[in-house]
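Read the structure below first, then the notes.
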Amino acid sequence: MTIAHGALQAFLAVLAGAFGAHGLKNILGEPELRIWQTGVTYHLAHALALVMLGILEKQMQTKLNLPHYAFGIGILLFSGSLYALALSGMKVLGAITPLGGTAFLIGWLALAWVGWKSA
């Protein structure tokens with residue numbers, strides 16, 4: 001299921017990138033487009049991390065729930081808040097972004113722990 005989740009997130013990230021590049025380029029200013037692009041970059045990176053995680057789960061024959069959920073929550077909070085900030089201009093949404101970044105960090109630390117335990 002993790003591979004499917006990652007592939008779906010990658011699809012959504014590419015869709016968001018295309019939407020930003022083509023649909024929003026004449027609507028948003030340069031600062032807002034940079035915010036949008038940052039969301040897309042982290043979204044796609046962590047979508048690919050989910051795919052990698054799914055492959056690792058198959059290889060190890062175990063579920064790696066903490067990194068999976070942490071990456072998913074990170075995408076939602078980090079990229080989602082940046083998408084919403086770029087579209088709305090509501091600066092208060094920027095307060096949510098670090099929560100997503102923290103979720104990403106937790107996911108990577110959890111994955112590192114799995115690597116250390118299995119070495």
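The values are calculated or read from the model by the stated rules, or taken from the named source; none is laboratory data. Note that the structure is a prediction, hence the values are computed from the model and not measured. Reconstructed Cβ throughout: ideal geometry from the backbone, glycine too, with neighbour counts over all protein chains shown. Calculation scope for accessible area: heavy atoms of the full protein, side chains included, ligands and nucleic acids excluded. Shrake-Rupley method; radii C 1.70, N 1.55, O 1.52, S 1.80 Å.
Couple of notes before you dig in:
- Residues located in the stretch 56-73, provided they are more than 18 Å from the chain's Cα centre (by Cα) and among the aliphatic types (A, V, I, L, M): L56, M60
- Subset of the stretch 61-81 that is open to solvent by 20 Å² or more (accessible area, probe 1.4 Å) and aromatic (F, W, Y) - its residue that is farthest from T38 (Cα to Cα): Y69
- For the stretch 21-55, the set of residues classified as in a helix (DSSP H, G or I) and without any contact (Cβ under 8 Å) to a residue 24 or more places away in the chain consists of A21, H22, G23, E30, P31, R34, Q37, T41, A45, listed by residue number.
- Residue within the stretch 1-16 that is modelled with pLDDT under 95 and not in a helix (DSSP H, G or I) present: yes
- Residue match in the stretch 8-24 (condition: open to solvent by less than 50 Å² (accessible area, probe 1.4 Å), hydrophobic (A, V, I, L, M, F, W, C) and within 27 Å of A112 (Cα to Cα)): yes
- Qualifying residue in the stretch 82-100 (condition: closer than 26 Å to T2 by Cα, open to solvent by 50 Å² or more (accessible area, probe 1.4 Å), within 17 Å of the chain's Cα centre (by Cα) and in contact (Cβ under 8 Å) with a residue 40 or more places away in the chain): no
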